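The values are calculated or read from the model by the stated rules, or taken from the named source; none is laboratory data. For clarity, every value in this text was computed on a predicted model and none was experimentally measured. Here the Cβ positions follow ideal geometry from the backbone for every residue, glycine too, while neighbour counts run over all protein chains shown.
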Amino acid sequence: MAQYNISVNGEQHQVDAPPDTPMLWVLRDRLGLTGTKYGCGIAACGACAILLDGAEERSCQLPISEVGSKKIVTIEGLTRDGSHPAQRAWMENDVPQCGYCQPGQVIATAALLNKSPKPTDAEIDQVFETHICRCGTYHRIREAVKQAAKETS
Amino acid sequence: MSLAPSRTASPVTRRTVLKVIGGVGAGLMLGCFADAGRITAGEGSKAALAPNAIVRIDPNGDVIVTVMRSDMGQGVRTSFAMLVAEELDADWNKVKVLQAPADEEKYGSQQTGGSSSITSHNRDLRRAGAVARALLVGAAAKTWGVDPSSCTTDAGVVKHASSGKSLSYGELAGTAATLPIPTEEPKLKDKSEFKLIGKPTNRVDNHDVVTGKAIYGMDVPVEGVVHAVVARPPTIGGSLKSFDDKAARQVPGVIDVVKIGSGVAVVGLDTWAALKGRDALVIDWDRGPNIGVSSATLHEAMVKEVRSHDAAPAGAKVVAATLEFPFLAHASMEPMNAVADVRPDSCTVWVPTQNPSGAKEAAVDASGLPEDKVTVNVTLLGGGFGGRHKADFVSDAVEISKAVKKPVKLQWSREDDMRNDDYRPASHHSFQGAVDSSGNPVAWSHQVVFARGRGGRGYRDAGIMYAIPNAKLAEMGTDSPVRTGPWRSVDHTQVDVANECFIDELASAAGQDPLEFRQKHLRDERVKKVLNAAAQKAGWGTPLPAGHGRGVACFSAYGSCSAYVMEASVEGDKFKLHRVVGVIDVGTAVNPRGVQAQMEGGCVDGLSTALKAEITVDKGAIVQSNWGEYDWLRLNEMPELEIYVMDSGGPFGGMGEVGYPPSPAALANAVFAATGKRVRMFPIKVSELA
Ligand code: FES
Ligand code: FES
């Protein structure tokens with residue numbers, strides 16, 4: 001075990017954990033931030049996406065030892081009230097079915113908009129080709145991303 | 001912009017129940033759910049359900065609707081609440097949903113499957129709302145000293161037009177709670193009076209989902225919980241010989257290692273410790289009796305069952321075809337899990353299940369406690385698709401908690417989930433059909449062999465949508481050790497998909513357009529309308545770019561029908577999807593937006609399984625273990641998608657499974673239109689077209 005001081009959703013947390021512990025399990029099991037989901041553990045689905053200094057990161061592939069002073073934002077910290085343009089667009093387009101993949105999809109959208117406020121279809125494809133929605137909400141995801149982009153810019 | 005508040009109600013705690021009954025600040029708990037026990041066919045008649053199980057109105061005006069079916073993404077929490085709120089004339093913004101725990105005495109069958117939630121419960125839910133409304137009206141009439149029939153209701157308020165008086169449901173709840181529950185059958189609204197039913201409505205859990213507050217099975221916060229994973233036999237029918245856990249116990253964070261029925265459980269401070277501990281186990285498995293079983297041997301065995309078809313009418317043009325379907329995993333986005341807290345005299349489980357009573361049975365068995373000491377709470381389900389009917393993950397969690405005397409969160413890894421599923425069986429189909437000289441179908445013989453154990457039956461009526469003389473179907477089975485179970489639309493995923501591929505072949509043999517051929521021979525006007533609508537919206541018959549093809553397929557079951565027209569082409573060794581138009585008719589849609597979503601989801605499932613996903617068996621083991629090997633459609637592969645919900649005004653039909661079957665079939669038919677080659681095997685590969 002080693003001790004780490006990490007920044008999650010604007011708060012500093014002290015966590016005792018082996019250095020290879022993926023942030024996914026630190027967030028979920030240690031910090032009680034269960035909005036970040038487990039879907040594969042091998043970077044294949046995107047359910048565990050978080051923001052690391054504003055960029056999308058697969059928390060199942062991010063060992064706690066590599067976080068350092070970078071700032072983590074999870075779905076719970078994106079906004080407290082669901083007012084991020086992506087969150088609003090998700091609700092209005094009624095994107096979720098089971099909803100399980102959607103925190104990851106919303107986080108991916110937030111990261112995309114950070115980088116590219118007016119994403120092209122190709123950019124949207126590139127981000128989401130690595131995100132699975134087993135319920136098949138892709139059509140609405142694309143619509144919601146576009147709406148969120150409109151509201152951001 | 002107003003942000004939707006959380007729609008999840010807090011459960012009624014003991015204290016609030018007492019308060020409600022006690023009178024001060026009294027709420028109104030009433031309902032009308034006496035008949036649900038006998039509704040679902042095959043469940044048998046259960047004791048009458050206690051009243052007051054469905055709807056509660058709090059003094060603050062909140063309307064709490066208890067939903068006793070599981071929401072795996074089909075939106076039942078929203079549509080059930082709409083049905084109750086409609087008859088109650090509730091203010092939709094005040095409606096909150098509470099998930100019922102497992103309690104069949106009270107709620108009847110809670111099994112969520114067979115697209116049956118709306119079809120079996122719509123009436124009783126509406127009655128529950130109507131009874132509540134009658135009591136609230138009664139309370140207002142009593143307060144004002146007027147005739148109840150002179151009162152009206154709207155959006156959570158009772159009004160008396162001639163005096164201009166009005167009282168909100170919250171204000172009336174206390175008085176209404178003192179009135180006797182009316183004994184006469186409540187009058188339900190006529191369709192023309194619906195305000196909510198039929199209105200596209202966003203689902204009640206959206207806000208919780210997008211803020212990360214939604215609680216799925218693996219998210220349940222339980223004080224002092226430890227985390228567990230289980231090492232299971234790597235082969236089907238394998239078993240544990242012995243294990244050495246010395247190294248596992250050395251892994252930082254590992255708390256305990258225990259042998260349970262399904263294998264060896266490693267318990268850790270967090271899931272990672274448990275996973276690493278599991279990796280460190282040294283296990284000697286008995287590989288069991290099935291190591292000679294593979295997809296190839298199962299295929300051979302299925303083919304062997306096929307008999308020769310009866311001779312087709314003399315002079316007719318005979319068409320023969322075969323079709324293969326693989327095993328499919330459910331692969332819900334949320335892998336199987338359960339939380340259990342077993343104490344000496346109680347057992348509490350939280351589990352995302354489609355089958356609360358099955359989960360309860362498993363918990364009772366595994367805990368050894370009497371039924372009344374066992375509570376099973378149902379969480380949100382991160383997908384289901386039929387895969388959450390089983391309860392082995394509940395047994396796992398309860399056994400482990402009992403052994404370590406702590407609350408346990410059991411997590412199946414994705415690999416565990418994919419390799420220990422109850423799979424959609426593989427199947428082999430043999431067809432023979434014929435068309436006469438005028439192009440009319442005159443024979444149809446379909447034999448299907450499922451890899452799910454011997455059994456099945458001889459020829460019976462094919463149950464197809466088309467008027468074809470002597471159309472018959474024989475369903476058979478072959479020995480297979482692979483566990484199988486219901487998978488979104490069950491046998492329709494094979495039998496009906498295959499039928500819609502073969503009717504296309506008959507159309508070709510008749511030299512006719514596949515749409516016209518269907519229209520000519522479809523028996524049901526309702527299906528015809530849906531098919532026509534899809535064709536018209538898709539511009540059937542209009543020119544396409546070179547190399548593109550259009551395919552069509554339709555489906556009817558669960559009291560609903562659906563159709564797709566799909567456009568596809570082949571580029572190199574890959575298929576490209578261009579456009580999909582789908583139409584669904586569920587009779588009367590409670591929530592058209594939800595119906596549309598299910599059709600979208602069913603369509604994507606169909607495309608994913610037509611193009612990508614398959615489970616294979618090698619040396620007695622499931623080959624695939626994670627996404628990538630068992631792949632699903634991705635956003636960048638999506639065609640243009642248009643889904644239309646047609647309202648034929650008939651009775652409420654099912655919708656969770658209606659979107660699937662015509663999807664792979666329409667795609668296969670589009671592939672034929674594009675390439676001139678027939679699909680003989682799913683998933684479809686360019687190299688295997690015949
Ligand atoms: S859980 Fe990290 S990408 Fe799937
Ligand atoms: S909404 Fe269910 S997996 Fe995406």
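Using the structure shown, decide if B:E657 is away from chain A (no Cβ under 12 Å) and not basic (K, R). Yes, satisfied. Taking residues in the stretch A:128-145 that are assigned to a loop (DSSP other than H, G, I, E, B), and partners anywhere that are at pLDDT below 95, the pairs with Cβ atoms closer than 7 Å and at least 6 places apart or on different chains are A:C135/B:G73. The number of residues in the stretch A:5-15 that are crowded, with 18+ Cβ neighbours inside 10 Å and either touching a residue at least 60 places away in the same chain (Cβ under 8 Å) or charged (D, E, K, R) (or both) comes to 3. Apart from one condition, A:G46 fits all of (1) of a type in the set (G, A, S); (2) within 17 Å of B:Q411 (Cβ to Cβ); (3) within 16 Å of ligand 1 (Cβ to nearest atom); the exception is (2).
Scan the stretch B:539-547 and tell me whether some residue there is in contact (Cβ under 8 Å) with a residue 40 or more places away in the chain and not in a loop (DSSP other than H, G, I, E, B). No; the residues of the stretch B:539-547 include none that is in contact (Cβ under 8 Å) with a residue 40 or more places away in the chain and not in a loop (DSSP other than H, G, I, E, B). Selection over the stretch A:90-105 of residues that are in contact with a helix residue (DSSP H, G or I) (Cβ under 7 Å, 6 or more places away or on another chain), more than 8 Å from ligand 2 (Cβ to nearest atom) and closer than 17 Å to B:I215 by Cβ gives a count of 1.
Identify all residues within the stretch A:19-67 that are within 11 Å of chain B (Cβ to nearest Cβ), surrounded by fewer than 18 Cβ atoms within 10 Å (Cβ to Cβ) and of a type in the set (D, E); write none if there are none.
Taking the stretch A:19-67 and keeping what is within 11 Å of chain B (Cβ to nearest Cβ), we get A:19-47, A:50, A:60, A:63-64.
Then drop every residue that is not surrounded by fewer than 18 Cβ atoms within 10 Å (Cβ to Cβ), which leaves A:19-20, A:32, A:42-43, A:63.
Within the stretch A:19-67, A:D20 is the sole residue that qualifies.
Rundown of residues vs (1) touching a residue at least 60 places away in the same chain (Cβ under 8 Å); (2) surrounded by fewer than 19 Cβ atoms within 10 Å (Cβ to Cβ); (3) of a type outside the set (S, T, Y), yes/no style:
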site	(1), (2), (3)
B:S346	no, yes, no
B:K405	yes, yes, yes
B:S413	yes, no, no
B:Y423	yes, no, no
B:A426	yes, no, yes
B:S430	yes, no, no
B:A443	yes, no, yes
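Kindly check whether there is at least one residue in the stretch B:493-508 that is assigned to a loop (DSSP other than H, G, I, E, B), farther than 16 Å from B:A320 by Cα and under 32 Å from the mean Cα position of the chain (by Cα). There is at least one residue in the stretch B:493-508 that is assigned to a loop (DSSP other than H, G, I, E, B), farther than 16 Å from B:A320 by Cα and under 32 Å from the mean Cα position of the chain (by Cα).
Here is a yes/no grid of residues against (1) in contact (Cβ under 8 Å) with a residue 24 or more places away in the chain; (2) closer than 30 Å to A:H131 by Cβ; (3) not polar (S, T, N, Q):
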| site | (1), (2), (3) |
| --- | --- |
| B:G268 | yes, yes, yes |
| B:L275 | yes, yes, yes |
| B:L281 | yes, no, yes |
| B:E300 | no, no, yes |
| B:S308 | no, no, no |
| B:A311 | no, no, yes |
| B:A314 | no, no, yes |
| B:E334 | yes, yes, yes |
| B:V339 | yes, yes, yes |
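Residue check: B:G656 meets all listed conditions (1) over 25 Å from B:F555 (Cβ atoms); (2) part of a loop (DSSP other than H, G, I, E, B); (3) not hydroxyl-bearing (S, T, Y) but one, namely (1). Within the stretch A:60-72, residues that are more than 16 Å from ligand 1 (Cβ to nearest atom) sit with their Cβ atoms under 8 Å from residues that are of a type in the set (S, T, Y), at 6+ positions apart or across chains, in these pairs: A:S65/A:Y4; A:S69/A:S7; A:K70/A:S7; A:K71/A:S7. Checking each residue of the stretch B:463-472 against the condition of being more than 20 Å from B:P683 (Cβ to Cβ), buried (at least 22 other Cβ atoms within 10 Å of the Cβ) and among the β-branched types (V, I, T) gives at least one match.
Would you check which residues across the stretch B:308-338 are outside any strand (DSSP E or B) and closer than 25 Å to B:D417 by Cβ and list them?
Of the stretch B:308-338, the ones outside any strand (DSSP E or B) are B:308-316, B:326, B:329-336.
Residues satisfying the conditions are B:P326, B:A329, B:H330, B:A331, B:S332, B:M333, B:E334, B:P335, B:M336.
Take the residues in the stretch B:574-590 that are not small (G, A, S) and not in a strand (DSSP E or B), then tell me which one is nearest to B:A538 (Cα to Cα). I'd like the intermediate steps shown before the answer.
Of all residues in the stretch B:574-590, those not small (G, A, S) come to B:574-581, B:583-586, B:588, B:590.
Filter again for not in a strand (DSSP E or B), leaving B:586, B:588, B:590.
Values: B:V586: 20, B:T588: 24, B:V590: 26 Å.
By that ranking, first place goes to B:V586.
Looking at A:T120, A:T130, A:T109, just one residue is within 16 Å of ligand 2 (Cβ to nearest atom), among the hydroxyl-bearing types (S, T, Y) and more than 9 Å from chain B (Cβ to nearest Cβ), and that residue is A:T109. Taken as a whole, the condition of being buried (at least 22 other Cβ atoms within 10 Å of the Cβ), farther than 20 Å from B:M302 by Cα and basic (K, R) applies to B:R488. Only one of (1) more than 10 Å from the chain's Cα centre (by Cα); (2) within 25 Å of B:E640 (Cβ to Cβ) fails for A:S69. Which number is that? Condition not satisfied by A:S69: (2). Within the stretch B:663-690, the set of residues being surrounded by fewer than 24 Cβ atoms within 10 Å (Cβ to Cβ) and under 10 Å from B:L611 (Cβ atoms) comprises B:P683, B:I684, B:K685.
Does B:V623 meet the test of being closer than 21 Å to A:G39 by Cα, modelled with pLDDT of 95 or more and within 14 Å of chain A (Cβ to nearest Cβ)? Against the criterion (closer than 21 Å to A:G39 by Cα, modelled with pLDDT of 95 or more and within 14 Å of chain A (Cβ to nearest Cβ)), B:V623 does not qualify.
Restricted to helices (runs of 4 or more DSSP H) entirely inside the stretch B:200-289, those with at least 2 residues that are buried (at least 18 other Cβ atoms within 10 Å of the Cβ) and within 14 Å of chain A (Cβ to nearest Cβ) are B:206-210, B:271-279.
When A:I75, A:I64, A:I50, A:I42 are checked against the criterion of being away from ligand 2 (no atom under 15 Å from the Cβ), β-branched (V, I, T) and within 15 Å of A:N9 (Cβ to Cβ), A:I50 stands alone in meeting it. Against the conditions (1) more than 10 Å from chain B (Cβ to nearest Cβ); (2) within 16 Å of ligand 2 (Cβ to nearest atom); (3) polar (S, T, N, Q), A:Q87 satisfies every one except (1).
If we keep just the residues of the stretch B:333-348 that are charged (D, E, K, R) and away from ligand 2 (no atom under 16 Å from the Cβ), which is nearest to the other protein chains (Cβ to nearest Cβ)? Reasoning before the result, please.
From the stretch B:333-348, those charged (D, E, K, R) are B:334, B:341, B:343, B:345; that's our starting set.
Within this subset, residues satisfying the condition of being away from ligand 2 (no atom under 16 Å from the Cβ) are B:341, B:343, B:345.
Numbers: B:D341: 16, B:R343: 22, B:D345: 28 Å.
Checking each candidate, the answer is B:D341.
In the stretch A:111-137, what residues are of a type in the set (G, A, S) and surrounded by fewer than 24 Cβ atoms within 10 Å (Cβ to Cβ)? Of everything in the stretch A:111-137, those that are of a type in the set (G, A, S) and surrounded by fewer than 24 Cβ atoms within 10 Å (Cβ to Cβ) turn out to be A:A111, A:S116, A:A122. Evaluate the following for B:G292: is it on the phi > 0 side of the Ramachandran plot and either within 16 Å of ligand 2 (Cβ to nearest atom) or more than 14 Å from chain A (Cβ to nearest Cβ) (or both)? Criteria not met by B:G292.
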